Structure formats: C-alpha cells, structure tokens
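Worksheet: one structure, shown below.
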Amino acid sequence: MRINEYGAEIVKELNQTLALIAEEEASILADHILRASKVFVAGAGRSGLMIRAFAMRMMQMGIEVYVVGETVTPNLGKEDLFIIGSGSGETRSLVPMAEKAKSLGGTVAIITISPESTIGKMTDIIVRLPGSTKEQSGNGYKTIQPSGNGYKSIQPMGALFEQTLLVFCDAVVLKLMESRQLDSATMYGRHANLE
C-alpha cells in the first residue's frame, strides 16, 4: 500500500470513531470547562501529548489551565476541573492523581476507551472514545467501540485512540470558541511569542 493510501485508511478509521462519540458526554465536559475556576490536565505517553495540545488551545482561549507535573502548576481546589486522557484508564501514574483530585473536592473527568477502568469508576465525567487496545488481535489491533463491538484498525498500538483524542479535543475547542464568541485572530493574541 502507498503512504497516501495508508493516510486515507487512517482518515476512514477516524471518521468511524468520531461518529460514535456521544454528544451529551462531550457537551457535559465542555460545560464543566466553561464553569471551572481552573482546569488541570494529565496524560501519559502519546495520550499525554494530545492532552497537552488541548491545554495549549484552552490557554489561548483565556482559560486558566495547567498541565499536572509542571513546576508552575498551582494547587487544585473545589471549583476546579481535572481532565485525564487515558485509553486504558489504568495508567499507574494517573490513578493516584485522580484519587488526590477527588479527595481535594475537585471535579474529575476522563476521556477514555475504558469507562469501567479504575480511573473511570472514580470520575465525575466520562467521555468514551472508541480506540485500539494495546493487545494485538490478529492482523491489526482490535478497536473497541462504546457499544462494546469491535473492528480492526490497521494502526499500531493506541494510535487510533490518540488521534481520536486529539481531534475530539479540537472539536471541543471549537465548541468552547463558539460559546465564548472567539475566533482564531483573538486567540493569536495569547500565542507564545518568545519562540
């Protein structure tokens, strides 16, 4: 297969997964972001990179947002929202963060394939995304849909989840921009300028 054919297959897979995301779950997350005093985000590996990209866009909208683990991250309070991006919902470094945020009275959200996971069971908000599990299933990785049904992804490991996470977060950004009546030109005013 040629590279552009692989790319077309990836786009096809993304179209399938994005169509399965529950609008109600996405709207609940967006509403909580708008109401939160501060927003905190965390993820590990490639999922962590996607959630950091989400934080960057929220910052550019003027939302007070922090990446957990950075030296300038303040304390979490009862009016704050903690968003975790984790396909498995079992990432060892993220479980104690979710527990701590809950004990501090913050609202905890997870964007995940696995709502019944350890983190999923303790969160206030769950957004289910279809995506590939890390266990290889035959010729490709089994993709889990919110219904529990599956199909095979041509992509390795958790790539489909990670891509879906990024596109989903960008769609949430567009919804937040609409709610706040922002455009890209306005957001450029908060773009990094020390580069």
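S117 falls short of the stated requirement of being among the small types (G, A, S) and farther than 25 Å from Q16 by Cβ.
Right, I51: part of a helix (DSSP H, G or I), over 23 Å from S184 (Cα atoms) and either β-branched (V, I, T) or without any contact (Cβ under 8 Å) to a residue 24 or more places away in the chain (or both) or not? Spelling it out, it is not the case that I51 is part of a helix (DSSP H, G or I), over 23 Å from S184 (Cα atoms) and either β-branched (V, I, T) or without any contact (Cβ under 8 Å) to a residue 24 or more places away in the chain (or both).
Rundown of residues vs (1) in contact with a His (Cβ under 9 Å, 6 or more places away or on another chain); (2) polar (S, T, N, Q); (3) loosely packed, with under 15 Cβ neighbours inside 10 Å; (4) in a helix (DSSP H, G or I), yes/no style:
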residue: N4; (1), (2), (3), (4): no, yes, yes, yes
residue: A8; (1), (2), (3), (4): no, no, yes, yes
residue: E13; (1), (2), (3), (4): no, no, no, yes
residue: I21; (1), (2), (3), (4): no, no, no, no
residue: A42; (1), (2), (3), (4): no, no, no, no
residue: R46; (1), (2), (3), (4): no, no, no, yes
residue: I63; (1), (2), (3), (4): no, no, no, no
residue: T71; (1), (2), (3), (4): no, yes, yes, no
residue: N75; (1), (2), (3), (4): no, yes, yes, no
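Restricting K12, K100 to residues that are basic (K, R) and under 15 Å from T164 (Cβ atoms) narrows the list to K12. Pairs linking a residue in the range 84-112 that is over 20 Å from L129 (Cα atoms) to a residue that is among the aromatic types (F, W, Y), with Cβ atoms under 8 Å and 6 or more positions apart or on different chains, are M97/F82; A101/F40; A101/F82; G106/F40; G106/F82. For S88, the conditions (1) under 17 Å from the mean Cα position of the chain (by Cα); (2) farther than 26 Å from H191 by Cβ; (3) outside any loop (DSSP other than H, G, I, E, B) all hold with the exception of (3).
Since every read-out is calculated from the coordinates, none of them should be taken as a lab result. Keep in mind it's a predicted model, so treat the numbers as computed, not measured. Glycine gets a Cβ as well: all are built from the backbone with ideal geometry, and neighbour counts include every protein chain shown.
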